[in-house]
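Enquirer: What follows is a structure written as structure tokens; I'll ask about it next.
The values are calculated or read from the model by the stated rules, or taken from the named source; none is laboratory data. All figures in this text were calculated on a predicted structure; none of them were measured in a lab. No Cβ is skipped: glycine too gets one built from the backbone with ideal geometry, and neighbour counts run over all protein chains shown. All accessible areas refer to the heavy atoms of the entire protein, side chains included, with ligands and DNA or RNA removed. Shrake-Rupley method; radii C 1.70, N 1.55, O 1.52, S 1.80 Å.
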Amino acid sequence: MKACLLHSPARVETNPLEFTALPDPVVQGDQVLVRVAACGVCRTDLHVVEGELPPRKLPVIPGHQVVGRIERVGAEVSRLRVGDRVGIPWLHRTCGVCDYCRAGKENLCDNPTFTGYIVDGGYAEYTIAPEKFVYPISEALADEQAAPLLCAGIIGFRSLRLSGIEAGGRLGLYGFGAAAHLAIQVARHWNVSVYAMTRDARHQKLALEMGAVWAGGTVAEPPAKLDAAIIFAPAGEIVPAALKALKKGGTVALGGIHMSPIPPLDYNLLYHERVLRSVANNTRQDGEDFLRLAAEIPIHTEIEVFPLRDANRALNSLKNDAIRGAAVLRVE
Ligand SMILES: [Zn+2]
Ligand SMILES: [Zn+2]
């Protein structure tokens, strides 16, 4: 098969992914072999490729927003069949026995496996995943439209939940890339007013087109105090600005897996029971709930499509804020 392989982390400007031929993966046990149709490009892929996340497997095939059809199944597979259309997310497998898994908090599992990081992912013609961790994908959604839902969508949804935002409330979104452009659609469905703070003028424009009541620069002060905020941009210096924009008792949720250092905080910014919390991975329940809601709304994905062989170019565009909505690799 053809795949994009990372031999060792490096700045994306050096085009570190090699488009190359590799043996097809072999299914075992509870795994399904998926012929990849499309794979979303996530900011986490950028952190893997550039080494902000310490390498766990090298070489590795990145990519954890996979949509495709099952072409082969392992001997223990019982729920899915050859020909089924499925999505493969970041949460590749959990241990099932640690305290967190047993308490229904599998997103915090002590021994998780992550797609496109600890095992090979979807920047490839084929990839494998355990059947219990893949999602059926509605035939109503095109491959490229569905792919960004699998991480940007699900993590955005979990971030909304953890932010505690309620119907009629005011929500701040810091950074307006793939996750935010999906989260705003859920927020508006819940009758929430959205304020978008993002450095790129094109992203501010997209936010307004998608129904934000106001858009401004990254640390601009929104014209009304916020009930909750989500920071999707990986920049720690946004944290004080977001806390400053927040009402008493409000929550700032941090939606990314990596963030630059958070500067010292004046306690007044946090006092009055404001909450600062991170969002880590997601449970399968989050994924199922979000995909159902996405079909119900229905969510529309803004995408920019690149051929698989151009994964380096897609990552460079993402790094330069040049993507409107989500970048997706199409596998021919
Ligand atoms: Zn576990
Ligand atoms: Zn992701």
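Enquirer: Give the aspartates and glutamates reachable from Lys319 as a straight Cα distance under 15 Å; neighbours fewer than 8 places away on the same chain don't count.
Expert: Glu13, Asp45, Glu50, Glu52, Asp200, Glu304, Asp310
Enquirer: Take every DSSP beta bridge whose two residues both sit in the chain, then give the antiparallel share in percent to the nearest 5.
Expert: Just about 55 percent of them are antiparallel.
Enquirer: Roughly speaking, to the nearest percent, how much of the chain's 1.4 Å accessible area is carbon and sulfur?
Expert: Using a 1.4 Å probe with all protein chains present, the chain comes out at 49 percent carbon and sulfur.
Enquirer: Right, another one. Please compute the modelled spin-label separation between Glu304 and Asp289, points set 7 Å along Cα→Cβ, answer in nm with one decimal.
Expert: 3.2 nm
Enquirer: Return the calculated 222 nm mean residue ellipticity for the chain, to the nearest 500 deg cm²/dmol, obtained by summing -39500 (n - 2.57) across DSSP H runs with n ≥ 4 and dividing by the residue count.
Expert: Here the helix-only value at 222 nm equals -6500 deg cm²/dmol.
Enquirer: Given the C-alpha centroids of region 23-41 and region 110-128, what is the distance between them in whole angstrom?
Expert: 9 Å
Enquirer: Please give every one of the lysines within straight-line cross-link reach of Lys57, meaning a C-alpha to C-alpha distance under 22 Å, and leave out same-chain neighbours fewer than 8 residues apart.
Expert: Counting by Cα, and skipping residues close in sequence, Lys57 has these lysines nearby: Lys2.
Enquirer: If you stretched the chain out fully between Lys247 and Ala140, how much longer would it get, using 0.36 nm times the residue separation minus the C-alpha to C-alpha distance?
Expert: Working it through step by step, the gained length comes to 34.5 nm.
Enquirer: Same structure, new question: Got the relative contact order for the chain handy, in percent, Cα pairs under 8 Å and 6 or more residues apart?
Expert: Rounded, it is 19 percent for the chain.
Enquirer: Roughly what % antiparallel, to the nearest 5, for the DSSP beta bridges in region 1-78?
Expert: 100 percent
Enquirer: As an exercise, take the mean of 1/r over every pair of distinct alpha carbons in region 1-46, invert it, and state the Kirkwood radius in angstroms.
Expert: Radius from the Kirkwood sum: 13.0 Å.
Enquirer: Can you give me the accessible area per residue for region 147-224, using a 1.4 Å probe, in Å²?
Expert: Per residue, region 147-224 has an accessible area of 35 Å².
Enquirer: Further question: Quickly work out the Gln28-to-Leu58 label distance, labels modelled 7 Å from Cα along the C-beta direction, and quote it in nm with one decimal.
Expert: Going by the 7 Å Cα→Cβ label model, 2.5 nm.
Enquirer: ³J(HN,Hα) across region 235-240 via Karplus (A = 6.51, B = -1.76, C = 1.60, θ = phi - 60°), whole Hz, x for Gly/Pro?
Expert: Ordered by residue, 3J(HN,Hα) equals 10, x, 5, 6, 4, x Hz.
Enquirer: Working out 0.36 nm times the residue gap between Asn15 and Ser260, then minus their Cα-Cα distance, what length gain in nm do you get to one decimal?
Expert: Result for the pair: 85.9 nm of gain on full extension.
Enquirer: Moving on to the next point. Please turn the phi angles of region 254-260 into ³J(HN,Hα) values with the Karplus equation 6.51 cos²θ - 1.76 cosθ + 1.60 (θ = phi - 60°), one per residue in order, whole Hz, x for glycine and proline.
Expert: Per residue, the Karplus-derived 3J(HN,Hα) values read 9, x, x, 8, 9, 8, 5 Hz.
Enquirer: Need the C-alpha centroid separation for region 231-266 versus region 70-104, integer Å.
Expert: 34 Å
Enquirer: May I ask you to evaluate 6.51 cos²θ - 1.76 cosθ + 1.60, the Karplus curve with θ = phi - 60°, for each residue of region 2-17 and list the ³J(HN,Hα) values in order in whole Hz, giving x for glycine and proline?
Expert: Going residue by residue, I get 8, 7, 9, 10, 9, 7, 8, x, 7, 4, 5, 4, 8, 6, x, 7 Hz, with x marking Gly and Pro.
Enquirer: For Lys247, Lys319, Lys105, give me the order by solvent-accessible area with a 1.4 Å probe, most accessible first, ignoring ligands, DNA and RNA.
Expert: Putting Lys247, Lys319, Lys105 in descending order of accessible area: Lys105, Lys247, Lys319.
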